[in-house]
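The values are calculated or read from the model by the stated rules, or taken from the named source; none is laboratory data. Just so it is clear, the structure is predicted and the values come from calculations on it, not from any experiment. Reconstructed Cβ throughout: ideal geometry from the backbone, glycine too, with neighbour counts over all protein chains shown. Ligands, DNA and RNA are excluded from the accessible area calculation, which covers all protein heavy atoms including side chains. Shrake-Rupley method; radii C 1.70, N 1.55, O 1.52, S 1.80 Å.
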Amino acid sequence: MPLDIPHHRLAAGPYEAVVSELGAALRGVRYGGRDLLFDRSQTVPFPRYAGAVLAPWPNRIAGARYRFGGRDHHLPVDEPERGTALHGLALWDRWRVEERDASSVTLSDVVWPRPGYPFTLEVRARYALGPDGLSVELTAANRGRGAAPAGLSAHPYFTAGGGACDDWTLHLPCTEVLTVDERLIPTGRKPAAELGLDFTAPRPIGDAAIDHAFTGAAAKEAPAAVLTGPDGRGVRVGWSAGCGWVQVYTLALPDGPDHRRAVAIEPMTCAPDAFNSGDGLAVLEPGERLSMEMAVAAVGGD
């Protein structure tokens, strides 16, 4: 049976979306009856973090520790196999509904001070459907008395039809990839082409195992990734220019039926482990805000 988690169903024209109050997670997007978002199960809160809003940091913090404001901070390790703190704190909260109508919903949450993150951050997520698809706006505001580190992202998995992503085509306007160690913590940057991960011209994913943060978007305006199936139908995922990184992950579940049947596209305001590297990290003074936007739209006919 599905878990007893409140969900909100939105509709506008040919588009539909489902948003959960747990973690303000995006749990479904459909266009003309076909799925753009892959979310197989409603029986667990976040299968592979599907759809979750990631705050106050995306991706990983190495060793679940960092130094900020002259102090060392230690977070709980929630990825034991790599010893990292993964995907922030807000995704396990039930968010409060601020506004709701037939085509949009706005939810908010407060990340209160706690061991490892002694700061107060108010986070909002607004989902709105329109004729051009789904728009997502995420904001984080420092409601504390001192400076606070912050980053934002979301973790939706997309589909371009049935079958494995090997047969799908990816267009990603990013020229560089962050190299990582065995914990998936960045160690440097390399040209995407050098790693066989150059998708600046659309090409099939093939057997590429992707779990990388891309940067160096070639587009001068707001960049976008396009994922299409053999029939030319799929999804376009755009993000605001302030997101300097995008994590792309070909779903790896080698022992399960959903192996490589989805691709996560996660725009991020900062790099993985930014709490340690400072790479793109926002340091918010009291009252300051960080924001990012995403846009999801269908590609191809009905």
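In region 106-245, carbon and sulfur make up what percent of the accessible area (probe 1.4 Å)?
On the way: 2940 of 5670 Å².
Percent of accessible area from carbon and sulfur atoms in region 106-245: 52.
Using only helices, what value at 222 nm comes out for the chain when you add -39,500 (n - 2.57) per DSSP H run of length 4 or more and divide by the total residues, to the nearest 500 deg cm²/dmol? Let's see the in-between values first.
Numbers: 1 runs with 4 residues, N = 302.
Taking each H run of at least 4 residues, the total per residue is 0 deg cm²/dmol.
Modelled label-to-label distance, Asp231 and Arg203, 7 Å Cα→beta-carbon offset: nm?
About 2.7 nm, to one decimal.
Hey, any idea what the orientation-averaged projected area of the convex hull of the chain's Cα atoms comes to, in nm²?
On the way: hull surface 60.4 nm².
Projected over every direction and averaged, the Cα hull of the chain covers 15.1 nm².
What are the equivalent ellipsoid semi-axes of region 70-115, built from the alpha-carbon gyration tensor (square roots of five times its eigenvalues), in whole angstrom, biggest first? Walk me through the numbers on the way to the answer.
Values: eigenvalues 186, 40, 10 Å².
The equivalent ellipsoid of region 70-115 has semi-axes of 30, 14, 7 Å.
Expected output is a single nm value to one decimal: the length gained when fully extending between Arg30 and Ser291, i.e. 0.36 nm times separation in residues minus the C-alpha distance. What is it? Walk me through the intermediate numbers first.
On the way: separation 261, 0.36 × 261 = 93.96 nm, distance 2.54 nm.
Here the answer is 91.4 nm.
Per residue, what accessible area does the chain have, given a 1.4 Å probe and all protein chains present, in Å²? Don't jump to the answer; show the numbers that get you there.
Values: 12770 Å² over 302 residues.
Dividing the accessible area of the chain by its residue count gives 42 Å².
Are there any GluC sites (Glu not before Pro) in region 92-201 that are in a DSSP loop and have at most 14 other Cβ atoms within 10 Å? List them by number. Don't jump to the answer; show the numbers that get you there.
Working: sites: Glu98, Glu99, Glu122, Glu137, Glu176, Glu182, Glu194; in loops: Glu182.
Loop-located and lightly packed - Glu182.
Rounded to two decimals, what is Rg over Rh for region 39-167 when you use alpha-carbon atoms and the Kirkwood radius? Mind showing how you got there, number by number?
Numbers: Rg = 16.6 Å, Rh = 16.4 Å.
Result: Rg/Rh = 1.01.
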